[in-house]
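Take a look at the structure set out below.
The values are calculated or read from the model by the stated rules, or taken from the named source; none is laboratory data. Keep in mind that what you see is a predicted model, and the values were worked out from it rather than measured. Backbone-built Cβ (ideal geometry, glycine too); neighbour counts: all protein chains shown.
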């Protein structure tokens, strides 16, 4: 499970769509991306925590965590794209730690963070199993991995509907929201094809974590997951 050799193409697209990234994401999630982030983070991140925002993008998971907790978080933004990190840092009022790299080789010590946040990012791992193992390694005992992402419904009919939306409807919405750059969001369907079904993802997490809480929206096409070490 994971993007494998498709990862390079996805990263090139992510680099290109930086100017319209947030706007298009809000449109294609039907305006519910913020709500899903809040639901995933609430109760799983508390004031005083050290946070690894893995695949941070513009740091939207960290911004949400700051609002939910009232601040006082030690935040590390971690992303494979230096331009994304550079564009993000200036939009925070708190001091950030910045690091560049991939899920499969996280450059931090064992048990360093209270929580790891993956907002629409873990789906882009080269090897999902390795990524989960690395995140588990850097979490403290009792630490939480919070995932907010697309879901791949277990029900075949609902899964077909989700695929139809991502492959045919989403590119139209992305074009309207982001212009020609929005067309590049079509690669999202390629990441979805390589993403495990919801039940399989839960099983993969339980191979490393002691407990998993799995919430769904859009009949399983959107997921908010918390895995406890």
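Take residue 48 and tell me if it is at positive phi, outside any helix (DSSP H, G or I) and either buried (at least 16 other Cβ atoms within 10 Å of the Cβ) or free of Cβ contacts under 8 Å to residues at least 24 places away in the same chain (or both). Even if it seems obvious, please write down each step before you answer.
Working: at positive phi: yes; outside any helix (DSSP H, G or I): yes; either buried (at least 16 other Cβ atoms within 10 Å of the Cβ) or free of Cβ contacts under 8 Å to residues at least 24 places away in the same chain (or both): no.
In short, no.
So which residues in region 47-56 are farther than 16 Å from residue 135 by Cα and in contact with a helix residue (DSSP H, G or I) (Cβ under 6 Å, 6 or more places away or on another chain), if there are any at all?
47
If I ask for residues that are out of contact with any strand residue (DSSP E or B) (no Cβ under 8 Å at 6 or more places or on another chain), farther than 22 Å from residue 19 by Cβ and surrounded by 12 or more Cβ atoms within 10 Å (Cβ to Cβ), which ones from region 72-112 would you list?
102, 104
Checking the structure you have, find out if any residue of region 210-229 is in a loop (DSSP other than H, G, I, E, B), farther than 16 Å from residue 120 by Cβ and without any contact (Cβ under 8 Å) to a residue 24 or more places away in the chain. Spell out the reasoning first.
If we filter region 210-229 for residues that are in a loop (DSSP other than H, G, I, E, B), which is where we start, we get 210, 221, 229.
Subsequent filtering for residues that are farther than 16 Å from residue 120 by Cβ retains 210, 229.
After this cut, where a residue has to be without any contact (Cβ under 8 Å) to a residue 24 or more places away in the chain as well, the list is 210.
Within region 210-229, one or more residues are in a loop (DSSP other than H, G, I, E, B), farther than 16 Å from residue 120 by Cβ and without any contact (Cβ under 8 Å) to a residue 24 or more places away in the chain.
Under the condition of being within 14 Å of the chain's Cα centre (by Cα), modelled with pLDDT of 90 or more and farther than 19 Å from residue 125 by Cα, which residue from region 1-34 is surrounded by the fewest Cβ atoms within 10 Å (Cβ to Cβ)?
34
If you check 202, 215, which single one turns out to be out of contact with any helix residue (DSSP H, G or I) (no Cβ under 8 Å at 6 or more places or on another chain) and surrounded by 14 or more Cβ atoms within 10 Å (Cβ to Cβ)? Show your work before the answer.
Numbers: 215 fails: out of contact with any helix residue (DSSP H, G or I) (no Cβ under 8 Å at 6 or more places or on another chain).
Just a single option satisfies the conditions, and that option is 202.
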